[in-house]
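Report on the structure given below.
The values are calculated or read from the model by the stated rules, or taken from the named source; none is laboratory data. Keep in mind that what you see is a predicted model, and the values were worked out from it rather than measured. Note: ideal-geometry Cβ built from the backbone for every residue, glycine included; neighbour counts use all protein chains shown.
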Ligand code: ADP
Ligand code: MG
Ligand code: MG
C-alpha cells in the first residue's frame with residue numbers, strides 16, 4: 001500500500017482538543033482519492049499531521065508511506081520519502097528566488113536519497129520544459145517564492161514544484177479554493193498529467209467542482225475527525241446535489 005493510515009488519532013498540543021478520532025485510509029499507487037467533508041471535520045489537520053507540522057500530537061494509530069513510518073520522520077525526511085503537500089495557503093518566501101527554491105528542494109531530496117545532484121544546466125532545462133507545459137510565465141521563476149503571485153499563480157507554482165519533485169504521494173488541500181475556472185482547469189490538467197501508475201493522490205476539497213476535472217477513483221467523506229463513508233465518484237455528485245446532511249444523517 002502506498003499510503004496506509006490506520007486509526008490515526010490527533011489532538012492539539014496546546015489545547016486538550018481531540019481533532020482526529022481514528023482515521024483509516026488506504027491509497028494505492030496509481031489512484032486518485034478525494035476527501036470531502038464539512039468545514040472543521042479535520043481534513044486540513046490530516047494533511048498537516050502527515051507533513052509533520054508542529055502543534056499536533058499523535059495520540060494513536062499509524063501512517064505509513066511505502067511501509068515507512070511517516071510519523072517517525074522529520075518533515076524534510078517525509079518529503080525525501082516521496083510525500084508532497086500542496087496547501088490551501090501557500091507560503092511566501094521573501095528573498096529566495098523561485099528557481100533557487102525549486103533547485104534546492106530537488107537537490108535536498110536527491111541527497112537524502114543518496115542520488116547525485118542535478119547540474120545547473122540540467123535543472124534549467126528541466127524547469128523550463130515543465131514551466132512551459134504548465135503555461136507558467138518564465139518571469140515567475142525569477143521572482144521570490146510566491147511573493148506577489150496571484151492565487152492562480154501560487155497554485156500553478158505548486159503544480160510546478162510537484163512536476164519537478166516527482167513525488168510518490170501528492171496531497172492537495174483545497175487547492176481549488178479561490179481559483180477561477182481557468183486557473184482550476186490548469187491545476188487539474190497539471191495534476192492529470194502527473195497521474196501515473198506509481199503515484200498516488202489525495203485531493204482534499206470542500207466542493208465537488210474540482211472533481212469534475214480531476215475524476216477521483218475513490219471518494220471519502222470525513223466528519224468529526226473520521227472517514228465516515230467511502231465510495232466512487234458518484235459520492236461526490238451526491239454531495240453536490242444534496243449537501244452533506246443526508247450522508248451524515250445516514251451514517252449517524
Ligand atoms: P477542515 O480542514 O476539515 O475544515 P480543520 O482540520 O481545519 O478542518 O479543523 C478541524 C477542527 O480542528 C476544527 O474544529 C478547527 O477549529 C480545529 N483546529 C485545527 N487546528 C487548530 C488550532 N491550531 N487551534 C485551534 N483549533 C484548531
Ligand atoms: Mg476549513
Ligand atoms: Mg481545511
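At a glance:
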quantity: Of residues in the stretch 53-75 being under 15 Å from the mean Cα position of the chain (by Cα) and either closer than 30 Å to residue 242 by Cα or surrounded by fewer than 19 Cβ atoms within 10 Å (Cβ to Cβ) (or both), the one modelled with the lowest pLDDT; calculated: 75
quantity: Residue check, residue 91 modelled with pLDDT of 95 or more and more than 16 Å from ligand 2 (Cβ to nearest atom); calculated: no
quantity: Candidate set: the stretch 170-201, residues that are within 16 Å of ligand 2 (Cβ to nearest atom) and under 16 Å from residue 31 (Cβ atoms); chosen: the one surrounded by the most Cβ atoms within 10 Å (Cβ to Cβ); calculated: 172
quantity: The stretch 28-45, subset more than 7 Å from ligand 1 (Cβ to nearest atom) and surrounded by 21 or more Cβ atoms within 10 Å (Cβ to Cβ), residue nearest to residue 7 (Cα to Cα); calculated: 35
quantity: Residue in the stretch 8-21 that is nearest to ligand 3 (Cβ to nearest atom), counting only those that are loosely packed, with under 14 Cβ neighbours inside 10 Å and touching a residue at least 12 places away in the same chain (Cβ under 8 Å); calculated: 12
quantity: Residue that is surrounded by the most Cβ atoms within 10 Å (Cβ to Cβ), among those in the stretch 112-145 that are closer than 21 Å to residue 78 by Cα and free of Cβ contacts under 8 Å to residues at least 12 places away in the same chain; calculated: 117
quantity: Answer from 62, 44 - the residue that is within 26 Å of residue 216 (Cα to Cα) and assigned to a strand (DSSP E or B); calculated: 62
quantity: Where residue 157 falls short, out of the listed (1) within 16 Å of ligand 2 (Cβ to nearest atom); (2) closer than 24 Å to residue 138 by Cβ; calculated: (1)
quantity: Filtered residues of the stretch 175-213 (kept if within 16 Å of ligand 3 (Cβ to nearest atom) and closer than 20 Å to residue 63 by Cβ); calculated: 202, 203, 204
